[in-house]
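The values are calculated or read from the model by the stated rules, or taken from the named source; none is laboratory data. A quick note: this is a predicted structure, and the numbers were derived from the prediction, not measured. Note: ideal-geometry Cβ built from the backbone for every residue, glycine included; neighbour counts use all protein chains shown.
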């Protein structure tokens, strides 16, 4: 059970002896917008590489090495309308290294990097800030060399053209980041530290009492508890399409559909099974028909996001096959809506989904994420309950979900004149 | 069944070589919900020329055949192995490297059925003209996808520079031209030669009971007939010490990428000493260019390297090399800076002894942490490369390393190494 350390500050300890490590995350969460998201992304870049006590990568890396290669990272996440800045660290369980204090050392370390940033005159230290901002912008540029990512991003901008928060990549928006100054970012950070909801999650061979003790020194203060909405329900819109040419050997066809089913709501498990059948598993109809049967692609898959009610399809194909692939994708959707799939395939998809869910119990990171999300939603579904729900889904349920799917955006990255 | 307890890891590894030669390893992991199994043949993209089992004359097959075979193993006369796994909730996959081909599944239920599916589909080839031709379209798309990926081009380009005119210079998947030549008989011949149980191992890790699991595997294997095992005669061209020193490739990229390949020409030690060599090299490069190194910071602050900088130490059957890569506004400055550091490696390492404990601790921690992941354990395990030693001995080896070991190994590696520079620059 999560423990409230102060108003709006929660500690969630997952005791387990399954792993050789102890993993701890500290999440600062608030409703998101483009500016705040960009702020967080630049904060993550900056705070991952410097702090007052560890001003350079070298001093930071050396500290982590001495802690038996403890990992440390700062990243940004988005669940529906909420966004979070996450500090995470993983250490080796003391038992394997004959040490007695790595846990308290990690808690002290995290305090130091979160609460003692590298600052001069109420602004992030100018040289470090400038360098990290430039590195982030350079990284954003080179991300476009990953064509799968690029195509996905272009599609997202079409589909969410009226919701720039969702259209913005989790790696950031170059224009917004370019305009951030060391001073404004520092005051934003101070605000974030004192107003955001804090969730601390620890998984490993630890007792809650040890953490409560260690965290007392952080003196975490009460904050306004905002029970804001997580789910984004995008309105139906006109279909938009875009084709772009680039000198590539392989073309990318990406499609976005609206599927108005939301995380843990009534039809959620049906939508999961539908997605597994459509393109979410390697036994799916997309994989079978686009790749295996017609050998038109190396990859062809779908993904369902229950926080925005979005179904995405991505394929890597030959440019000449655009129309054929589109037709096959539409046929699969149609076939599911008509119930044209075997019981055996449906059973395989259900078994695969169960395998995936239960396997997540073996990942420390997945356990931490699930605990954080449960806290955010004030609800939880255990793995056995989840499995029960999935097993209850019928072929009629799946067909009914397929009928709710509506085509909203198509992006085609057309390969031409590649050497 | 042999049973070996590693007290520093808190792990017990069970193993047995079956009468048909298959090496079986079982690692039970308390508290885990899934089981991961990987069946590996000592056969990869470089094994294009060989004397077939029971044959006399050597043959040379098209580049990419090992990877093609991997794709084609899943398809049978009346079913696809993917579906059989899925029927039992198993999630299956496969991958091919320069020297190995591996087939795997992970499952939280029906371990016995999934294991039998794995053993059966890997040992029962089925190829026809039609299924082979159909696969050419899929693999063709895979090859083209990687052709568009600058990081993949940089990596394989560098390997090709380091080993010109050797099978290592071919992409693992081959080329559109080479795979077009592949015929069902080629695949049968490769399978017959390299998929004999005596050339394979099976590693099962996670939720399992060793005696019961071994009994399932034995029952499955003893019901099958295999040819008498014979040593495999691979034919590799004589390794010339020449490397291609520099290549530049234009691609539609946003930022230039620089890659430095360092090919070891020194003779590798055998057994546990080889593991020690690899770890000494790893610690040596961490001391020189890892994030704790003063040179790292100075290059980073000058903008010569950035967060994309990284390196990999690769040791495999018949070759060893280090690949260092990163995005660089000025690839030449990147190359000059790193080569200069390598040239002064001995002095720089001698001055780094105050950081030795830190990088040693980091290596110990990173090995221990890898034992959280069933996939990492099974995929990294190689029971032939280091003789009797393996991944399980790594913590002990790293603990015993000294600064002198590191300096000697780095000297041995660098002094005779061939160096190659590969740049990818914007343009098309």
Self-check item: Count - residues of the range B:1-23 that are within 14 Å of chain A (Cβ to nearest Cβ) and either on the phi > 0 side of the Ramachandran plot or in a loop (DSSP other than H, G, I, E, B) (or both)
Solution: 4
Quiz item: Do any helices (runs of 4 or more DSSP H) entirely within the range A:361-418 hold 2 or more residues that are within 14 Å of chain B (Cβ to nearest Cβ) and under 24 Å from the mean Cα position of the chain (by Cα), and if so, which?
Solution: A:364-377, A:383-391
Practice problem: Within the range A:262-283, track down each residue that is surrounded by 22 or more Cβ atoms within 10 Å (Cβ to Cβ) and either more than 17 Å from residue A:357 (Cβ to Cβ) or not assigned by TED's automatic domain parsing to the domain that holds residue A:408 (or both). | Solution: A:278, A:279
Exercise. Kindly provide the set of residues from the range B:137-171 that are under 26 Å from residue B:241 (Cα atoms), in a loop (DSSP other than H, G, I, E, B) and within 14 Å of chain A (Cβ to nearest Cβ), ordered by number.
Key: B:171
Exercise. For residue B:94, indicate whether it is in contact (Cβ under 8 Å) with a residue 12 or more places away in the chain, outside the structural domain of residue B:316 (by TED's automatic domain parsing), closer than 17 Å to residue B:375 by Cβ and touching a helix residue (DSSP H, G or I) at 6+ places or on another chain (Cβ under 6 Å).
Key: yes
Quiz item: Within the range A:162-198, can you find the residues that are in contact with a strand residue (DSSP E or B) (Cβ under 7 Å, 6 or more places away or on another chain) and closer than 25 Å to residue A:407 by Cα?
Solution: A:170
Quiz prompt | residue B:248 vs. criteria in contact with a strand residue (DSSP E or B) (Cβ under 9 Å, 6 or more places away or on another chain), under 19 Å from residue B:422 (Cβ atoms), surrounded by fewer than 14 Cβ atoms within 10 Å (Cβ to Cβ) and within 14 Å of another protein chain (Cβ to nearest Cβ) | solution = yes
Quiz item: Yes or no: residue A:245 touching a strand residue (DSSP E or B) at 6+ places or on another chain (Cβ under 6 Å) and outside the structural domain of residue A:159 (by TED's automatic domain parsing)?
Solution: yes
Self-check item: Positions within the range B:286-313 being outside any helix (DSSP H, G or I) and crowded, with 16+ Cβ neighbours inside 10 Å, in sequence order
Solution: B:290, B:291, B:292, B:293, B:304, B:305, B:306, B:307, B:308, B:309, B:311, B:313
Self-check item: Given (1) surrounded by fewer than 18 Cβ atoms within 10 Å (Cβ to Cβ); (2) within 14 Å of another protein chain (Cβ to nearest Cβ); (3) touching a helix residue (DSSP H, G or I) at 6+ places or on another chain (Cβ under 7 Å), index of the condition residue B:134 fails
Solution: (3)
Exercise. For the range B:139-174, enumerate the residues that are in contact with a helix residue (DSSP H, G or I) (Cβ under 7 Å, 6 or more places away or on another chain) and surrounded by fewer than 18 Cβ atoms within 10 Å (Cβ to Cβ).
Key: B:152, B:169
Quiz item: For the range B:351-362, how many residues meet the condition of being part of a loop (DSSP other than H, G, I, E, B) and within 14 Å of chain A (Cβ to nearest Cβ)?
Solution: 1
Practice problem: Report the residue count in the range B:363-381 for those that are in contact (Cβ under 8 Å) with a residue 60 or more places away in the chain and more than 14 Å from every other protein chain (Cβ to nearest Cβ). | Solution: 2
Quiz item: From the list A:321, A:347, A:355, which residue is without any contact (Cβ under 8 Å) to a residue 12 or more places away in the chain, assigned to a helix (DSSP H, G or I) and buried (at least 19 other Cβ atoms within 10 Å of the Cβ)?
Solution: A:355
Quiz item: residue B:424 versus (1) within 14 Å of another protein chain (Cβ to nearest Cβ); (2) in contact with a strand residue (DSSP E or B) (Cβ under 6 Å, 6 or more places away or on another chain); (3) assigned to a helix (DSSP H, G or I): which is the lone unmet condition?
Solution: (3)
Quiz item: Name the helices (runs of 4 or more DSSP H) wholly within the range A:114-195 that hold at least 1 residues that are within 12 Å of another protein chain (Cβ to nearest Cβ)?
Solution: A:126-143, A:147-159, A:174-178
Quiz item: Failed condition for residue A:332, given (1) in contact with a strand residue (DSSP E or B) (Cβ under 9 Å, 6 or more places away or on another chain); (2) more than 14 Å from chain B (Cβ to nearest Cβ); (3) within 27 Å of residue B:143 (Cα to Cα), with all others met?
Solution: (1)
Exercise. Filter the range A:1-44 down to residues that are out of contact with any strand residue (DSSP E or B) (no Cβ under 7 Å at 6 or more places or on another chain) and in a loop (DSSP other than H, G, I, E, B) and give me whichever is modelled with the lowest pLDDT.
Key: A:1
